[in-house]
Amino acid sequence: MKKIKIRTEKVEMEAELNETKTARLIWEKLPMESKVNTWGEEIYFPIPVVASLENGVEVVKEGDIAYWPEGNCFCIFFGKTPVSTDKEIRPASAVNLVGKILGNPKELKKVKSGEEIIISPLP
């Protein structure tokens, strides 16, 4: 597993990328900078990676990191989205799971839309 650092104005945390093809494509493009969008308790932002659906899932867990093929976006889930149910965290549509936050994903509640976010590789 490869480790990455996620940094915004208010939050810095580490995460692990899994061994999927999509995660490898993301790793190859690091470091990346973008502006955050929020959707409920999800952060997402466009990245310079194009990948198709790979073992897509429609339900995720708190702390999951995913790639959303429909928007070419990196997504971090730290709670419910507007389409979640009482028991499930749901993305807007199917995503590729690419990793997991190490630490407390709820820290991401401090991050607001429009903030800069930087994703960089850790040695």
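Where a number appears in this text, it was derived from the coordinates with a stated rule and is not lab data. All of these numbers come straight from a predicted model, not from anything done at the bench. A quick note on method: Cβ atoms are made from the backbone with ideal geometry, for glycine too, and the neighbour counts reach across all protein chains shown.
Here GLU28, GLU41, GLU62 are screened, and the one residue that is over 13 Å from the mean Cα position of the chain (by Cα) and of a type in the set (Asp, Glu) is GLU28. Once the range 1-23 is narrowed to residues that are surrounded by 15 or more Cβ atoms within 10 Å (Cβ to Cβ) and not hydrophobic (A, V, I, L, M, F, W, C), the residue that is nearest to VAL111 (Cα to Cα) is THR8. Among the residues examined, ILE89 qualifies as touching an Asp or Glu at 6+ places or on another chain (Cβ under 8 Å) and buried (at least 18 other Cβ atoms within 10 Å of the Cβ). Total residues in the range 73-100 satisfying the condition of being in contact with a helix residue (DSSP H, G or I) (Cβ under 8 Å, 6 or more places away or on another chain) and closer than 19 Å to LYS3 by Cα: the figure is 7. Residue check: TRP68 meets all listed conditions (1) under 11 Å from the mean Cα position of the chain (by Cα); (2) closer than 18 Å to MET1 by Cβ but one, namely (2). Counting residues that are without any contact (Cβ under 8 Å) to a residue 60 or more places away in the chain and of a type in the set (Val, Ile, Thr), which strands (runs of 3 or more DSSP E) fully inside the range 28-123 reach at least 1? Where strands (runs of 3 or more DSSP E) fall fully within the range 28-123 and carry at least 1 residues being without any contact (Cβ under 8 Å) to a residue 60 or more places away in the chain and of a type in the set (Val, Ile, Thr), they are 64-68.
Annotation: of all residues in the range 8-27 being part of a loop (DSSP other than H, G, I, E, B) and either in contact with a helix residue (DSSP H, G or I) (Cβ under 7 Å, 6 or more places away or on another chain) or hydrophobic (A, V, I, L, M, F, W, C) (or both), the one that is farthest from GLY63 (Cα to Cα) is LYS10.
Is it the case that LYS5 is in contact with a strand residue (DSSP E or B) (Cβ under 8 Å, 6 or more places away or on another chain), in contact (Cβ under 8 Å) with a residue 40 or more places away in the chain, part of a strand (DSSP E or B) and not small (Gly, Ala, Ser)? So LYS5 fits the description; yes.
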